[in-house]
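Trainee: Please see the structure below; I have some questions.
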Amino acid sequence: MLSGRTNVNKFLIEEQRRNPALGGEFCMLMSDVVRSCKAIAQGVSRGALAGVLGDAGSENVQGEAQKRLDVLANEAFINHCDWGGHLAAMASEELDDIYRIPPEYPRGRYLLVFDPLDGSSNIDVNLSVGSIFSVLRCPESAVVEQPTAADFLQPGSRQVAAGYALYGPSTMLVLTVGNGTHGFTLKRDIGEFVLTHPNLTISPETREFAINASNERFWEKPIQRYVSECLAGQTGVREKDFNMRWVASLVAEVHRILMRGGVFMYPRDTKDISRPGRLRLLYEASPMAMIVAQAGGLASTGRERILDVQPTSLHQRVPVILGSRDEVERIERYHREHETGEDQPFRSPLFATRTLFRDY
Ligand code: MN
Ligand code: MN
């Protein structure tokens, strides 16, 4: 108990000594972010006793019904992070526009982006939810002037840090500052995140995939091909059986993949062609892509690496395929082969009779 194990503050200070470019301001910002997650963990764990479940009776900018905890978690991030003087502005999944630092507080050189409560439809059924965050540098010129949404439109490769908190049976914080991905577990009696999972790595191979199979008929051909091959198992071209998982919370899906490998897909589909994907680039895809890449995995849209995607708007959505490197590379290859027609053999009627997808 008094072993002096590394906690998240010590970890961050050591990272800052290793990389002085991060600056003391960065560590202080991160401890505000960590405090936000602890506050949300507390609210989530009390559930119905604290009267925090149910709908808030409002919609967010995405037109999704907000849960009461969506609103409370959003306020937790804002109230813990806006006064510290480390931020130029914030952007949240739950806010239409960026959050400007109130004039009474000093402004700093970082931008904070967050999904305050991910998987919030899980909250009323007492399943895992999480928070996702990403730290960017504010472009020089914007620090003194008023930052705008355009300052947030940076590709994921420019993130200074990314992480998530998972409010599961235990509360965990998973964090990268560009030097590996590391997991901490909340020790509630002392209120500290203790380093329990240093240097997480995702095995390049897997026998597990996660996808919302109810959208099957809307998927593009490369995804239909990939999933049909997984389902064919030992008798198909993959010559091994696969398992399928689906938690419907991105944080929980990514966490499972960090712990035991796998591939997660929320691909582009034709269900609503105005949306090129389901997940948000800035709040969800980019931070998870950095976390996964720092653990040796890969994140892709199928056509492009997520860390290279140049955002064009704050609430932009993208297809997300992430996890074990070999599988993500295979799915990227299927997209390329579809584009060039090299997957013709898999579209023949002969192939179709051997899969579940008659129209392949
Ligand atoms: Mn989310
Ligand atoms: Mn959310």
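The values are calculated or read from the model by the stated rules, or taken from the named source; none is laboratory data. None of these values were measured; they are calculated from a predicted model. Ideal geometry is used to build each Cβ from the backbone, glycine not excepted, and the neighbour counts take in all protein chains shown.
Trainee: Say whether the condition of being under 12 Å from residue 113 (Cβ atoms) and surrounded by fewer than 21 Cβ atoms within 10 Å (Cβ to Cβ) is met by at least one residue in region 280-297.
Mentor: So far as region 280-297 goes, no, none of its residues is under 12 Å from residue 113 (Cβ atoms) and surrounded by fewer than 21 Cβ atoms within 10 Å (Cβ to Cβ).
Trainee: Follow-up question, since we're still on this one. Applying the selection to region 30-85, what residues are assigned to a helix (DSSP H, G or I) and either outside the structural domain of residue 99 (by TED's automatic domain parsing) or among the charged types (D, E, K, R) (or both)?
Mentor: The first filter runs over region 30-85 and keeps only residues assigned to a helix (DSSP H, G or I), leaving 30-50, 68-81.
Residues satisfying the conditions are 32, 35, 38, 46, 68, 70, 75.
Trainee: Also: How many residues does region 173-186 hold that are in contact with a strand residue (DSSP E or B) (Cβ under 8 Å, 6 or more places away or on another chain) and more than 14 Å from residue 257 (Cβ to Cβ)? Outline the logic, then answer.
Mentor: Applying the first criterion (in contact with a strand residue (DSSP E or B) (Cβ under 8 Å, 6 or more places away or on another chain)) to region 173-186 yields 173-178, 181-186.
Subset that is more than 14 Å from residue 257 (Cβ to Cβ): 173, 175-178, 182, 184-186.
Within region 173-186, residues that are in contact with a strand residue (DSSP E or B) (Cβ under 8 Å, 6 or more places away or on another chain) and more than 14 Å from residue 257 (Cβ to Cβ) number 9.
Trainee: Does residue 121 meet the test of being hydroxyl-bearing (Ser, Thr, Tyr), in a strand (DSSP E or B) and farther than 23 Å from residue 193 by Cα?
Mentor: Values: hydroxyl-bearing (Ser, Thr, Tyr): yes; in a strand (DSSP E or B): no; farther than 23 Å from residue 193 by Cα: yes.
Considered against the rule, which asks whether it is hydroxyl-bearing (Ser, Thr, Tyr), in a strand (DSSP E or B) and farther than 23 Å from residue 193 by Cα, residue 121 comes out as no.
Trainee: What is the one condition in (1) without any contact (Cβ under 8 Å) to a residue 12 or more places away in the chain; (2) in a helix (DSSP H, G or I) that residue 258 does not satisfy?
Mentor: (1)
Trainee: Oh, and also: Against the conditions (1) within 16 Å of ligand 1 (Cβ to nearest atom); (2) at pLDDT below 95; (3) of a type outside the set (Asp, Glu); (4) farther than 19 Å from residue 285 by Cβ, where does residue 142 fall short? Just the number, please.
Mentor: (1)
Trainee: Could you grab me the full set of residues in region 245-283 that are within 16 Å of ligand 1 (Cβ to nearest atom) and of a type in the set (Asp, Glu)?
Mentor: Hit for region 245-283 is 253, nothing else.
Trainee: Does residue 156 fit the bill of being small (Gly, Ala, Ser), closer than 29 Å to residue 23 by Cα and in contact with a Lys or Arg (Cβ under 7 Å, 6 or more places away or on another chain)?
Mentor: Working: small (Gly, Ala, Ser): yes; closer than 29 Å to residue 23 by Cα: yes; in contact with a Lys or Arg (Cβ under 7 Å, 6 or more places away or on another chain): no.
Taking the combined requirement at face value, the residue does not satisfy it.
Trainee: Tell me whether region 141-163 contains one or more residues that are of a type in the set (Val, Ile, Thr) and either under 28 Å from residue 41 (Cβ atoms) or within 14 Å of ligand 2 (Cβ to nearest atom) (or both).
Mentor: Of the residues in region 141-163, the ones of a type in the set (Val, Ile, Thr) are 143-144, 148, 160.
With the extra rule that they be either under 28 Å from residue 41 (Cβ atoms) or within 14 Å of ligand 2 (Cβ to nearest atom) (or both), the set shrinks to 160.
Yes; the residues of region 141-163 include at least one that is of a type in the set (Val, Ile, Thr) and either under 28 Å from residue 41 (Cβ atoms) or within 14 Å of ligand 2 (Cβ to nearest atom) (or both).
Trainee: Can you find even one residue in region 109-116 that is more than 14 Å from ligand 2 (Cβ to nearest atom), among the charged types (D, E, K, R) and in contact with a helix residue (DSSP H, G or I) (Cβ under 8 Å, 6 or more places away or on another chain)? Before you say what the answer is, go through the steps one by one.
Mentor: First, the residues of region 109-116 that are more than 14 Å from ligand 2 (Cβ to nearest atom): 109-112.
Right, trim to among the charged types (D, E, K, R) and you get 109.
When the remaining residues are screened for being in contact with a helix residue (DSSP H, G or I) (Cβ under 8 Å, 6 or more places away or on another chain), the result is 109.
Within region 109-116, one or more residues are more than 14 Å from ligand 2 (Cβ to nearest atom), among the charged types (D, E, K, R) and in contact with a helix residue (DSSP H, G or I) (Cβ under 8 Å, 6 or more places away or on another chain).
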